Amino acid sequence: RNENEQGLVFIGLYAMIDPPRPGVPEAVGRCQSAGIKVVMVTGDHPVTAKAIANQVGIIHQDSLTREQSASKLYYGDIEQVREQDYDAVVVPGWELQTVLDEEMDDPQGVADFWNRVLNKKNIVFARTSPQQKLLIVSAVQERGGIVAVTGDGVNDSPALKKADIGVAMGITGTEVAKEAADMILLDDNFASIVNGVEEGRIIFDNLKKSIAYTLSSNIPEIAPFLLFQTAAIPLPLSTVMILLVDLGTDLAPAISMAYEGRESDIMSRKPRNPDREKLVTWRLVSFAYLQIGMLQAIAGFYAYFTVLNGFGFR
């Protein structure tokens, strides 16, 4: 002790804890069941980050890191651990920086590092800098991922700006973070993001239903006119009748599709591929025209010719 530390008496220790919000573990579980990978990127110490990740389910209780796998399977010899032996990684910022510093000399090694880390099921980055957060987002995007980033501080703003969807905290978030984000979370609750994902999927589903319903009436409306022109049958539907069908009977059911409730498996599906699974696809068009539309046309012609047969063809 130096002269300024003489005569001190130990009273005790004081510790603080910032526990996860209630409902976050359930929200993380819903994300994972919906095919959304939740990655923790934090400035906290790796030990703290891993403990919080275990509490909220970002790292599953039965998952093993490389160090845990070495201790459990190879008597602590980490060099013997194979990639398939562990499914969780906790990457400290200094280790990440060491790899990134070698990018100029060994770009393939850096790419292999990202592939190895980002392919793990449970991922935590700790003690990260703002630049590293930005590089993490870029690495995920380069591998085809759609990235949503949540943050509240100035240090998060580069990653919020780079992400496909930047989500800033509305209560604790700084003005810089809010300006960089695409969306502001008013209640600072992660569970609200999951609810937003569910609502987005419901809206997308209902739009597809409404479009399919609207398109399906085109075939039974045009088929009678084509047969009238080619086979000289009496015109089953006049122009006024078609307008009555479209405006009178089709409009209300098409609008009501927008108020359909959620499907039971909506949060169990994998995220759709934005390049292939668009709002209107060839599958939807073929379903509306060639399946439902043809069935409606056949049923309409059956009723039409049944009436003609009953009252006589004239």
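The values are calculated or read from the model by the stated rules, or taken from the named source; none is laboratory data. No experiment lies behind these values; they were computed from the predicted model shown. Every residue, glycine as well, gets a Cβ built from its backbone with ideal geometry; the counts of neighbours run over all protein chains shown. These area figures cover heavy atoms from the full protein model, side chains too; ligands, DNA and RNA do not enter into them. Shrake-Rupley method; radii C 1.70, N 1.55, O 1.52, S 1.80 Å.
Give the number of residues within segment 189-216 that are free of Cβ contacts under 8 Å to residues at least 40 places away in the same chain and farther than 22 Å from Val280 by Cβ.
Result for segment 189-216: 3.
Looking only at segment 5-31, which residues are under 30 Å from the mean Cα position of the chain (by Cα) and either open to solvent by less than 100 Å² (accessible area, probe 1.4 Å) or over 14 Å from Asn189 (Cα atoms) (or both)?
Step one: filter segment 5-31 for residues under 30 Å from the mean Cα position of the chain (by Cα), giving 18-31.
Result: Asp18, Pro19, Pro20, Gly23, Val24, Pro25, Ala27, Val28, Gly29, Arg30, Cys31.
Among the candidates Ile219, Ile203, which residue alone is assigned to a helix (DSSP H, G or I), surrounded by 17 or more Cβ atoms within 10 Å (Cβ to Cβ) and modelled with pLDDT of 90 or more?
Ile219
For the subset of segment 167-200 comprising residues that are outside any helix (DSSP H, G or I) and of a type in the set (Asp, Glu), which member is least open to solvent (accessible area, probe 1.4 Å)?
Across segment 167-200, the extreme among qualifying residues is Asp188.
If a residue counts only when it is at pLDDT 85 or above and within 26 Å of Arg262 (Cβ to Cβ), which helices (runs of 4 or more DSSP H) contained entirely in segment 1-74 have at least 1 such residues? Step through it out loud before you land on a result.
On the way: elements: 24-33, 46-56, 66-73.
Passing ranges, in order: 24-33, 46-56.
Answer yes or no: is there a residue in segment 249-270 that is outside any loop (DSSP other than H, G, I, E, B), open to solvent by 90 Å² or more (accessible area, probe 1.4 Å) and farther than 30 Å from Asn195 by Cα.
Among the residues of segment 249-270, not one is outside any loop (DSSP other than H, G, I, E, B), open to solvent by 90 Å² or more (accessible area, probe 1.4 Å) and farther than 30 Å from Asn195 by Cα, which makes the answer no.
Does segment 118-134 contain at least one residue that is outside any strand (DSSP E or B) and over 28 Å from the mean Cα position of the chain (by Cα)?
Going through segment 118-134, the residues outside any strand (DSSP E or B) turn out to be 118-121, 127-134.
Still in the list and also over 28 Å from the mean Cα position of the chain (by Cα): none.
Within segment 118-134 (the criterion being outside any strand (DSSP E or B) and over 28 Å from the mean Cα position of the chain (by Cα)), the answer is no, since none of the residues qualifies.
When you check Asp246 against the structure, is it at pLDDT below 85, of a type in the set (D, E, K, R) and part of a helix (DSSP H, G or I), yes or no?
yes
Could you please find all residues in segment 84-97 being farther than 12 Å from Pro46 by Cα and open to solvent by less than 80 Å² (accessible area, probe 1.4 Å)?
Listed by number, the residues that qualify are Asp85, Tyr86, Asp87, Ala88, Leu96, Gln97.
Leu160 versus (1) closer than 21 Å to Val110 by Cα; (2) in a helix (DSSP H, G or I); (3) open to solvent by less than 20 Å² (accessible area, probe 1.4 Å): which is the lone unmet condition?
(1)
If you take the residues in segment 275-302 that are touching a residue at least 12 places away in the same chain (Cβ under 8 Å) and within 31 Å of the chain's Cα centre (by Cα), which one is surrounded by the fewest Cβ atoms within 10 Å (Cβ to Cβ)?
Only one residue fits best here, namely Leu279.
Does segment 69-79 include one or more residues that are touching a helix residue (DSSP H, G or I) at 6+ places or on another chain (Cβ under 8 Å), of a type in the set (S, T, N, Q) and open to solvent by 70 Å² or more (accessible area, probe 1.4 Å)?
no
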